[in-house]
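Below is one structure, written out as structure tokens, with a few remarks after it.
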Amino acid sequence: MTRNSQGIVLLRGVIRRLAGAVVVLWAAVTVTFIGIRAMPGSVEDVVLGIHANEPGLREQVRSSLGLDQPVLVQYFQYLGQIMTGDFGRSFVLRADVSDVVFSQLGPTLQLAGAALLSALLAVWIIAVTTSGGSPRTERVIGVAELLAICLPTFWVGSLLIIWFSFGLKWFPASGADGPAALVLPTITLLLPLAGVLSQFMREEIGRQLRLPYIVSARSRGISEFRLRNVHLVPHAAVATLTVAGTLFGSLIGGAVIVETVFGRPGIGRVALSAVESQDTPVIIAVVVLITTAYVVISTVVDLIALWIDPRLREETV
Amino acid sequence: MKINRPLTAAGGAATLAAALLLTACAAGSGSTATTAGDPVDGGSITWAIAAEPSCFAPAFHQLLSDRAVIRNYVDSLVYQEEDGSFTPWLADSWEISEDGTTYVFEIAEGVTFTDGEPLTAEAVKVNLDYTRDASHGSTYAGLLGSVSEIVADDHTLTVQLSAPDSSLLDSLSSVALGIVSPAGVELGDELCSIDSGLAGTGAFVLGDYTRGDQLTLTRNDDYVSAPASLDHGGAAYLEQVTYKFIPEDSVRIGALKAGQVDAISGIPALEVANIESDSSLQYLNGPRTSMPFGFTINADAANAPWDDVALRQAFRDSFDVDAIVDSVYRGEVDRAYSYVGGDSPEFDESLVGAWGNDPEAANALLDAAGWEERDGEGYRIKDGERLTLDVTYDSDSIRDSRDKVIEAVQDQAAKNVGIDVNFTTPTWAEVSAQIADGTWSVYPGSFGKVDYANNVIGVWGGFFFAATEYQPTGAIEAATQAATALSPEDRIAALNTVQQELVLNETVFVPVAESTFQIAARNAVGGLGFDFSSANPDGNYGVWVAAAE
């Protein structure tokens with residue numbers, strides 16, 4: 001295969017991905033819109049509060065929120081707005097949605113990115129050093145993985161704060177000032193992710209260790225370090241990365257809890273309060289952003305997989 | 001959680017959402033022994049508070065707790081003292097006409113907003129006229145509902161009313177009617193954002209702000225407009241004030257104990273002992289002037305059989321309020337007797353011991369109303385229907401073990417008299433929709449530090465019973481008398497009638513527990529206190545931090 005045709009395969013993959021992304025975004029906006037409308041009550045009740053029964057006020061609020069239009073008209077207005085990048089104004093926050101959401105995006109991406117990268121790093125180290133070990137080591141690691149997955153994020157976060165912030169005073173309990181403030185939230189968020197990925201990666205490496213190419217590599221006298229890091233990890237990495245990409249969504253879910261416990265700014269906290277007050281423009285903006293991030297990440301993961309694993313390139317042709 | 005809901009009553013400093021942040025504690029139980037010594041100039045303080053203001057403009061802020069923040073950079077026309085009286089602030093003096101419909105304020109001279117604009121009567125007029133015009137969408141327009149015209153002449157402000165308004169000074173003392181630079185007023189709710197040019201005459205100036213994280217205020221060195229009655233004039237002691245937004249109670253308290261912050265507000269009753277046992281901390285419990293937590297009951301036929309006042313009274317007397325409040329809050333919260341907070345000068349003492357904890361009488365009332373039969377579980381039935389009372393409390397508003405209080409009531413009402421209390425926690429949107437169409441049953445909650453006359457007119461008349469055929473006519477008429485009373489004595493007499501109507505005669509409100517705000521701080525922090533117009537923690541004008549403990 002020539003270098004050129006490899007490029008075409010990659011390009012085709014990217015274009016197909018982009019088309020898919022548009023469909024996914026549209027579907028996400030539509031489902032969210034329907035979901036908000038299906039919830040009992042409405043944002044107008046939240047905006048009105050105890051003024052709900054003042055004559056004329058409800059009509060005024062409905063028209064300023066655009067709720068006096070037929071639902072289909074509202075839906076297409078939203079779609080049109082979003083396509084031009086305008087997410088509208090939140091009547092609950094009394095601010096432009098883009099300003100609110102974009103100002104909160106940084107801290108969340110920082111947190112999610114730090115959690116994802118450190119989870120991958122941790123998993124690499126655990127898998128390389130422990131897979132194929134004694135049954136006892138396997139059992140201990142297995143239990144640790146289960147705990148990491150099952151322990152409630154809220155509880156883990158609180159415990160870390162009590163130990164490392166209030167007790168040892170190593171890290172601040174809240175805020176987003178500098179790298180020190182990122183440590184505890186990152187650990188809280190990465191635990192369940194690392195648990196799942198580690199299970200996955202260790203099993204994959206364990207499987208590979210029994211394959212004939214390993215046996216022949218060992219018979220050539222290759223060092224165990226080189227064997228694992230150069231031969232085994234790339235094999236297991238493709239599958240692990242794909243899983244990591246799909247788990248990104250759960251990272252954002254976890255961020256809602258982590259941001260609340262640690263009093264960190266971020267999109268999770270904004271999303272939570274928006275859902276509670278049925279603040280449609282904010283909810284849709286958050287959904288669009290998260291969906292976009294999700295699509296971008298899974299595209300990148302696929303492309304990395306194409307790069308790591310030559311077989312995938314051939315299969316696409 | 002942050003939950004934002006504009007809910008101020010027409011005329012009251014009330015928000016349902018305030019219930020979120022209201023935690024209740026026994027007044028006077030605070031340990032105020034501090035090692036802070038005499039005031040120290042300079043330094044900084046870091047607060048941790050639960051809720052981040054979603055709007056920084058007085059006319060559009062949403063939560064009662066926002067007022068503690070806004071108070072730092074916004075002054076009011078008049079200052080509310082601890083005993084509920086009013087003393088000069090931005091208004092040097094005022095005169096009220098004999099018929100109570102003309103107020104003439106002399107506005108302080110030589111005061112400037114922190115954007116450089118001078119404070120004049122015209123500047124005050126621009127603020128008040130903007131807020132009272134309902135089409136501008138301020139939820140506090142109702143506070144100025146009695147105003148017909150405002151005339152400004154240099155430093156003389158004449159406020160003409162269409163009818164006497166005994167609440168006007170209370171309203172003007174509130175952060176909601178705080179005065180901001182006229183340059184920003186026309187921006188309307190755009191003034192909510194921190195970089196909108198929002199400027200007051202206050203002791204601090206808005207500084208750096210990170211949404212979801214923290215707000216910093218810096219000292220206004222040119223401050224000259226402190227309330228006249230304070231023994232401290234000129235600039236504030238502190239150079240810098242930081243508010244960190246930490247929604248989790250346990251993290252806020254832990255951050256204080258670990259020395260990461262200097263002061264916190266919003267302390268759940270069950271955490272008070274934990275704070276008081278720490279000798280490096282002080283604990284302050286605010287005045288019991290807010291409306292107590294209690295059950296508001298729909299007396300309309302839509303809520304049958306509870307349209308029968310005898311049944312409502314039976315429910316009211318079916319449980320032991322003292323025992324319930326004591327067991328849930330372990331002595332940190334006082335039980336409530338009335339719709340008015342126990343420390344308010346408007347509280348009707350005659351309600352103490354006048355109702356409650358009388359299962360025998362309650363059973364007799366229920367028997368007489370024809371609910372004599374019982375089903376297999378011991379609940380009363382009539383014509384095959386169980387005697388059920390639906391209590392719906394929006395989940396966001398539940399704070400400080402209030403769900404435990406309701407469950408204890410549920411338990412006693414079932415055991416003592418056979419009433420089935422059905423407690424559910426839907427969203428505010430659902431609860432509000434039921435209230436809007438009059439089909440609601442019981443709403444438990446409190447409305448914060450309200451104007452007790454206007455709150456009845458605005459919230460009972462204008463919200464709970466706006467869509468029902470039933471009207472709490474006696475209470476609303478008495479409240480109207482109180483609102484238009486010409487003397488404090490007449491106002492208090494009319495408000496006594498309001499309390500008796502709501503709790504005793506009509507029993508559309510069953511009080512349970514007093515509501516207060518709390519502060520905890522390091523001992524090195526001096527001068528902490530409460531803003532008596534809102535019962536919330538005050539701004540930081542009088543606060544200092546001693547250099548070393």
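Taken residue by residue and averaged, Cβ atoms of other chains lying within 10 Å of the Cβ of A:53-63 number 3. Of A:Phe87, A:Ile141, B:Gly233, which is farthest towards the positive pole of the protein assembly as shown's charge dipole, taken about the Cα centre with +1 and -1 on the beta-carbons of Lys, Arg and Asp, Glu respectively? About the Cα centre, the residue reaching furthest to the positive side is A:Ile141. Counting only Cβ charges, +1 for Lys and Arg and -1 for Asp and Glu, the dipole size of the protein assembly as shown around its Cα centre is about 6520 debye. Between B:Val151 and B:Ala183, the C-beta separation translates, for a Förster distance of 30 Å, into a calculated FRET efficiency of about 0.90.
Spatially, region B:193-248 and region A:92-120 are offset by 28 Å when compared through their Cα centroids. Starting from the Cα gyration tensor of chain A, take the square roots of the eigenvalues, sort them a ≥ b ≥ c, and report rounded, prolate or oblate (rounded when a/c is under 1.5, otherwise prolate if a/b is larger than b/c, else oblate). Judged from the Cα gyration tensor, chain A comes out oblate (a/c at least 1.5, b/c at or above a/b). By the rule of a C-alpha distance below 21 Å, with chain neighbours fewer than 8 residues away ignored, the lysines paired with B:Lys244 are A:Lys169, B:Lys2, B:Lys257.
If R0 is 51 Å, the Cβ-Cβ spacing of B:Thr87 and A:Ala217 corresponds to a FRET efficiency of close to 0.05. Any idea what angle helix A:71-83 forms with the longest principal axis of chain A, computed on alpha-carbon atoms, 0 to 90 degrees, nearest 10? Value to nearest ten degrees: 50. Only the Cβ atoms of Lys and Arg (+1) and of Asp and Glu (-1) were treated as charged; on that basis the dipole of region B:204-327 about its Cα centre amounts to roughly 200 debye.
Peptide B:244-254 is shielded by partner chain Cβ atoms: per residue, an average of 6 of them sit within 10 Å of its Cβ. Here's the picture: charge each Lys and Arg Cβ at +1 and each Asp and Glu Cβ at -1 in region A:182-298, and of A:Gly266, A:Phe200, A:Gly254 the one pushed furthest to the positive end of that dipole is A:Phe200. For the set B:Lys382/B:Lys415; B:Lys404/B:Lys449; B:Lys382/B:Lys404, the pairs lying more than 25 angstrom apart at their alpha carbons are B:Lys382/B:Lys404.
Simple rule: put +1 on each Lys or Arg Cβ and -1 on each Asp or Glu Cβ in the protein assembly as shown, find the dipole, and look at A:Leu241, A:Phe102, B:Leu217; the Cα lying farthest toward the positive end is A:Leu241. For a paramagnetic label modelled at 7 Å from the Cα of A:Glu59 toward its Cβ, which residues of region B:459-500 fall within the zone defined by backbone nitrogen distances under 18 Å? So the set is B:467. Spacing of the modelled spin labels on B:Ala369 and A:Arg226, each 7 Å from Cα toward Cβ, amounts to 8.9 nm.
Residue by residue along A:261-268, Cβ atoms of other protein chains within 10 Å of the local Cβ number 5 on average. The modelled label-to-label distance between B:Asp115 and A:Thr137, using points 7 Å beyond Cα along the C-beta direction, is 6.8 nm.
With a simple spin-label model that places each label point 7 Å from the Cα along the Cα-to-Cβ direction, the separation between A:Phe154 and B:Asp390 comes to 2.7 nm.
According to the Cα-based calculation, Rg over Rh for the protein assembly as shown is 1.03, with Rh computed by the Kirkwood formula. Taking the C-alpha atoms only, the angle from helix A:233-246 to the longest principal axis of chain A is near 10 degrees. What you get for region B:37-156, charging only the Cβ of Lys and Arg (+1) and of Asp and Glu (-1), is a dipole of about 620 debye around the Cα centre.
Bear in mind these aren't lab numbers, they're just calculated from the coordinates by the rules spelled out. The structure displayed is predicted, hence computed values, not measured ones. Cβ coordinates were reconstructed from backbone atoms using ideal geometry, including for glycine residues, and neighbour counts include every protein chain displayed.
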